[in-house]
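Data first, discussion second: the structure below is written as structure tokens.
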Amino acid sequence: MSEYLSLAVEGPVATLTIDRPAKRNALSYEMWAAIPGHVAAVAADDDVRVLVVRGTDTFSAGADISEFTTLRRDAEGAVRYGEAVEAATAALTGLAKPTIAAITGFCIGGGCELALACDLRIATDDARFGITPAKLGIVFNLPSTKQLVDAVGPAWAKQILFTGDILDAATALRIGLVNELHPVDDLPKRAEDLATLMASRSQVTIRGAKTIITKIVDGAAQADPEVEALYSHSVTSADYAEGVTAFLEKRAPRF
């Protein structure tokens, strides 16, 4: 694990916090390598239903550039570093539970990569976004490029990657890079409220929807056996029985 990452659990919501203020929350190799373990802990805790990923005053200024001349100084080191980044983003993407990136300040490079691996992104209205490999001579990896294309479409993905420009929050909202914008003081409560709302909903529905949306994004147009099994399970689940009963009794369901 890393001293610059902490995982806290409060009720059904887990929060993974990036806390390295001296480096503007830049992500080191050690931090990338620690993320899958934290995500695995969330996956294993049946009481946790939603994961929020956040920074402090800033989300993350990106990968720790100082390591480019040490850990990434040769091709072998660069490959090993890239594998750690991909493992971290894959862990988030593969988590069956919903994930929310709560973005403050700068969300650049690897920070944006981490945010894109989450299901939803909400941000402060003064946040700044960018993916800057064009300034470093690096080719952005395919899984993260796909997540960018899925979020903003190919034309904006090209503009972001070809220019390395920093985007303001209004542009990020307009192109679909983030779902919502909020004043700085309001973002923590909005993240908490959104996570709590999701945690109160049927997890059978949410996990089924997450699986199916991923399949659609990956090109599926028809239900396969896994999807058919999700359908069958849902209508025989305790959630379905409670949902129908609550509807008939005109009360909020207790999932």
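The values are calculated or read from the model by the stated rules, or taken from the named source; none is laboratory data. All figures in this text were calculated on a predicted structure; none of them were measured in a lab. Quick reminder, even Gly has a Cβ in these numbers, built from the backbone with ideal geometry, and neighbours come from all protein chains shown. Note: accessible area is taken over every heavy atom of the protein model, side chains too, but ligands, DNA and RNA are not part of it. Shrake-Rupley method; radii C 1.70, N 1.55, O 1.52, S 1.80 Å.
A few remarks follow.
- Range in the chain, longest, excluding exposed GluC sites (Glu not before Pro) [loop by DSSP; at most 14 other beta-carbon atoms within 10 Å]: 4-248
- Summed over the residues of region 153-255 and divided among them, the accessible surface reaches 64 Å² per residue at a probe radius of 1.4 Å.
- GNM flexibility winner over the chain from Ser232, Ser200, Ser28 (Cα, springs under 10 Å): Ser232
- Cα-based equivalent ellipsoid of the chain: semi-axis lengths in Å, sorted from largest, via gyration tensor: 32, 20, 18
- Net charge contributed by nearby residues that have their C-beta within less than 15 Å of Gly130 (K/R +1, D/E -1): +1
- Cα gyration tensor category, rounded, prolate or oblate, for region 35-80 with a/c compared to 1.5: oblate
- Computed helical MRE - 222 nm, the chain, DSSP H runs ≥ 4 contributing -39500 (n - 2.57), nearest 500: -15000 deg cm²/dmol
- Whichever lysines have a C-alpha closer than 16 Å to that of Lys158, once near sequence neighbours (fewer than 8 apart) are set aside: Lys135, Lys146
- Relative to the longest principal axis of the Cα atoms of the chain, the long axis of helix 142-152 lies at roughly 70 degrees.
- Compactness of region 71-162 was expressed as the Cα radius of gyration divided by 2.2 N^0.38 Å, which yields 1.09.
- Exposed-loop-free span, longest in the chain, where trypsin sites (Lys or Arg not before Pro) count as exposed if DSSP calls them loop and at most 13 other C-beta atoms lie within 10 Å: 74-249
- 0 to 90° range, to nearest 10: angle between helix 154-163 axis and the chain longest Cα axis: 30 degrees
- Computed E for Glu10/Ile212 - FRET, C-beta separation, R0 41 angstrom, nearest 0.05: 0.90
- The mean sequence separation of alpha-carbon pairs under 8 Å and at least six residues apart, normalised by the residue count of the chain, gives a relative contact order of 16 percent.
- Relative intensity, log₁₀ I(q)/I(0), of region 81-128 from a Debye sum that treats every alpha carbon as a point, q = 0.17, 0.22, 0.31 Å⁻¹: -0.49, -0.76, -1.13
- In the chain, the longest principal axis of the Cα atoms and the axis of helix 238-248 are about 60 degrees apart.
- Spatial separation of Cα centroids for region 101-126 and region 180-244, in angstrom: 21 Å
- Surface composition of region 154-255: carbon and sulfur atoms hold 60% of the protein heavy-atom accessible area at a 1.4 Å probe.
- Pairwise Cα distances in region 140-222 exceed 20 Å for 53 percent of all pairs.
- Dimensionless Rg over Rh [region 1-109; C-alpha; Kirkwood]: 0.98
- What the Cα atoms of region 105-145 give is an Rg and a Dmax of 10.9, 30 Å.
- Under a Gaussian network description of the chain, with springs only between Cα atoms under 10 Å, the residue in Ala199, Ala134, Ala44 that fluctuates furthest is Ala44.
- Among residues other than Ile212 with Cβ under 15 Å from its Cβ, the summed charge is -3 (Lys and Arg +1, Asp and Glu -1).
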